[in-house]
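Rule-based calculations on the coordinates, nothing more; no lab input. Please read all numbers here as calculations on a predicted model, not as lab measurements. In this analysis, Cβ positions are derived from the backbone assuming ideal geometry, glycine residues included, and neighbour counts consider all displayed protein chains.
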Amino acid sequence: MRNDQSTGGASHSRRAILAAAGAVAAGGAIGRARGAESLALEGGRPAVSAAPARQVEAARWPIFGPEEEAAVLSLLRNPGYGPIEDLERDWSERFAVPFARAHCNGTTALASMYFALDLPPGSEVLVPSYTFFSSIVPMRLFGLVPRFVDVNPRTLNFDLDDARRRLTPSVRAMLPVHWMGLPCPMDDMAAFAREHGLALLEDVAHAHGASYGGKPLGSWGRMSIFSYQASKPLPAMEGGMGTYLERDDFERATAFGHSEHPSRFPADSRYRRYAGASLGLKLRINPLAAALVRSQLPKLDARNEAGAAQVRRLNDRIAQLPGLVEPPCPPDARRIYYANNILFLDESKAGASREAIVKALQAEGVRARALSYPLQHKMAIYAEAEWWRHPPAIPDLPGSDEANRTAIALPYFTSDVPELVDQYAEAFEKVWAQRSKLG
Ligand SMILES: Cc1ncc(COP(=O)(O)O)c(C=O)c1O
């Protein structure tokens, strides 16, 4: 799959990774006997034979190959801004939205979106604390106030029941974030937004190509953003996209950071008269980044599907283990993965602590880690009045805390490495078979 694009030599090839995985020919038989083998923690043979460096290689990202190189090289030979408009056109078609504007990253796409909202100062936006700062901090530039919402501790996504409890008369918008490629239930989000007269926005920084109810994420929200930062599912090292269902939002978001555009708006646009100046900043995406994204767009779906299929190969086995929980995907959704395959440990059902399980898995050669993501509402910027015209309330968010006590992150393999995946499954089964020893 993804390694097909690699320009690398033998060291990057699937064959090399398989060779490094070593002695896997007897995989099935070994797997069945694993419960009886000593844990690596106790000096037994580790279940995963691939060296750490090989495992890092199997999760390498981004991977740019000949098509991406050709796209960049052709622009270097014929410099120009054309790839930006080409990308915006292709993006609005692929993501079924009437308007798309590329920005220099996801953070500035978010800032432009908050500017376009055009809400009175003091208006509140429902937003998870379990997210990257960019989803939230740009609000303060426009007098908006984050209204922190908990996440469901089993999905890491926006918890609508909690949002209901946190509604105030000042809440005017909501920003679900599709964390790690898992779609929020967008029909429920849309119904909630309608019921309470809120602008529905989407942060799709992690979920390029995922969908809900047959509609691409990024086409549900009145405005949505994507990131093309290096780790993301469609990477350009740096870059971002805003998508807009309404022309006025599109023109206002554009006028904030793209002085070259207002002169091209239709004659009746209320932003056309600002031609020659932007209303704030200069946020044009680097055309090299636009060319990089565009060259990958036709491959996005196949890449996402191959990655998800490989996660299934692992999770279909390990999610059977007592106390190990996979985030449930809404029935009518297609999720994607990026960066991590995250599961949760219910310690009482597993009969062992997360710390002990992770330690035992690591000894078996699994690149597992206890995941605790920094929560925004606990950061200094939200507690200090000097940064806010209307300081945000700092709540308790027990679901977010629970997620941080229970999440285990595994690598998301970007190469086709079935034998390594099977060894991971065997390592889990071996640790689980002997977990009573772990305490
Ligand atoms: C959820 C989320 N939203 C927004 C962003 C901002 O994107 P960018 O890094 O392109 O500015 C990120 C980046 O990591 C993110 O994780």
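Just a few scattered comments:
- When each of the peptides 252-259, 80-87 is scored by the mean number of other C-beta atoms lying within 10 Å of its residues, the order from highest to lowest reads 252-259, 80-87.
- Average silhouette area of the stretch 66-298, convex hull of alpha-carbon atoms, in square nanometres: 12.6 nm²
- If you wrap the Cα atoms of the stretch 68-190 in a convex hull and average its projected area over all directions, you get 9.6 nm².
- Plainly put, the chain has a radius of gyration that is 1.00 times its Kirkwood radius, both from alpha-carbon atoms, as the Rg/Rh ratio.
- Of all DSSP-defined beta bridges confined to the chain, some 65% are antiparallel rather than parallel.
- Most tightly packed first, judged by the mean number of other beta-carbon atoms within 10 Å of their residues, the peptides 345-352, 177-184, 94-101 read 177-184, 94-101, 345-352.
- Amide H contacts of Ile408 (H built 1.01 Å from N, under 5 Å, at least 5 apart or other chain): Leu343, Phe344, Leu345, Leu371
- Under the Karplus curve 6.51 cos²θ - 1.76 cosθ + 1.60, θ = phi - 60°, whole-Hz ³J(HN,Hα) for the stretch 163-169, x wherever Gly or Pro sits: 4, 4, 5, 9, 4, 9, x
- Think of it as helices only: each DSSP H run of n ≥ 4 in the chain is worth -39500 (n - 2.57), and spread over all residues that comes to -10500 deg cm²/dmol at 222 nm.
- Fewest-first ranking of Tyr271, Tyr424, Tyr382, using other Cβ atoms within 10 Å as the exposure measure: Tyr271, Tyr382, Tyr424
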